[in-house]
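The next block holds one structure in the form of structure tokens; read it before the comments.
Please treat every number below as a calculation from the coordinates, not as lab data. Note that the structure is predicted; figures quoted are calculated from it, not measured. Heads up, the Cβs are rebuilt from the backbone with ideal geometry, glycines too, and the neighbour counts pull from every protein chain shown.
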Amino acid sequence: MEIHDTLRPGLLLLATMDTKGPEALYLRDTLRGLGAEPLLMDLSMRYGDPALRSEISAGVVAEAGGSSLNVVSGRREMRLNMEIMTAGAAKIALGLLKEGRIRGVIGIGGYSGSFMITAVMQALSFGLPKLMVSSAAALPGLSNQFLKTSDIMLFHSVVEISGLSGPVRNVLRRAAYALYAMIQGRAVDPAIDKERSIAMTMLSTCEQCARSVRLALEKQGYQVVGFHAAGIGDRVMEDMIADGMFHEVIDLAPGGVGEHLYGFMRDAGAHRMESAGKAGIPQIISTCGVNHITPSRSMTRPEHVARRKYDLDGFRTWIRMTPRELREVAEVFAWKLNKSTAPVKVLIPLRGWSSVDSPGSPTYDPEEDAVFVRGLRNRLKKEIEIIEVDANMEDPEFARAVMSAARDAL
């Protein structure tokens, strides 16, 4: 790939020029008028109007993806073509980012274009401004596919990005101003100091514990970065740990491990609770939400309905795990934690594993929780310590126990 050396664009603009050419050029001109230096990359899967020129052509992108535009344009396998163009665009974008040539990314597209462009954005680092202008942003079930674990901002265009009508120009100008504002100054830098940063999972049902631990660690000069452990947030945490952004992990809410085992709503992926062990950083593990499952309505079976349950609100119900499920999850926990190359401590609150798991709650059952603990003890390597605390997860005594274990590991 050859890009003229004198170009030092501050922004990367992604579009399919065969379908969004005039609109992409209008957005590029608007960004230039604001004082930015956009670099337009074409992700078209066929030849378009040669008069609609981009700085990085579709042919260059296809070659970076291991093919050619001749091959892509002559083939009807759209999924494969999209994968080639996405891979090539991501490779080029990562190279530009590594060279320090871009400080933000913006894309415009419909259904297919948004899939391709957000896939490129997902390959780029946390903290880099990413703005996707899409007419498909509000289609049911698509926004989570566009975002996944990336910090992309979705801008729903409402109108189709087709032609330069007044509404389309309005959308594109607002998007240009939004991205340009985001790249001003250095305030958008992630600013994570690995030696002083700690990743911590949290849920509303262990919020008091998480808040107490965070405040105590911040007083000691540590930066605590919280992740909402409902399936997506903890996936992001695993990615950031793998990227070397943290010194320690306090995993208060690793329920996504069991949810993945059964395919339920808090499913945090196959590699949940593995990145810290591979990275060789200390882990403090606890059990908020581990003894409950959250099947979606479509996955709820009659035997789930018959179980003890707790309604968190009008949308979320936590269902008590069975002893068999607790044993199975303990086995997975042990398998993952045993691979760690750094210290691991597991803290078990004996009087309930969350704020909704306490005496009087329909799902409170310390005797069944002990099934999980026994399974863990029988399988964990001897170097991993299990610390039982005579308190509820949300009691001050438990937060102090977490702090003590964290200090020992730091």
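Summary of values
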quantity: Calculated on alpha-carbon atoms, Rg and Dmax of segment 247-324 in Å; calculated: 14.1, 44
quantity: Relative contact order (%) - criterion: Cα under 8 Å, at least six apart; region: segment 160-277; calculated: 26
quantity: Cα gyration tensor shape of the chain, rounded if a/c is under 1.5, else prolate or oblate by comparing a/b with b/c; calculated: prolate
quantity: Sorted by Cβ density within 10 Å, fewest first, the residues M245, M393; calculated: M245, M393
quantity: Angle between the chain longest axis and helix 17-34 axis [Cα atoms, degrees, rounded to 10]; calculated: 90
quantity: Length-normalised contact order for the chain - Cα pairs under 8 Å, 6+ apart - percent; calculated: 11
quantity: Lysine pairs in segment 194-409 with Cα atoms under 24 Å, if 8 or more residues apart or on separate chains; calculated: 18
quantity: Angle in degrees between helix 111-122 and the longest Cα principal axis of the chain, rounded to the nearest 10; calculated: 60
quantity: For segment 11-182, diffusion coefficient by Stokes-Einstein and Kirkwood Rh (Cα), 4 °C, 1.567 mPa s, µm²/s; calculated: 82
quantity: Cα gyration tensor category, rounded, prolate or oblate, for segment 103-200 with a/c compared to 1.5; calculated: oblate
quantity: The chain: angle of helix 233-242 to the longest principal axis, Cα-based, in degrees nearest 10; calculated: 80
quantity: Ranked list, fewest to most other Cβ atoms within 10 Å of each Cβ, for S165, S354, S112, S340; calculated: S165, S112, S340, S354
quantity: Residue order, fewest to most surrounding Cβ atoms within 10 angstrom, among W335, W353; calculated: W335, W353
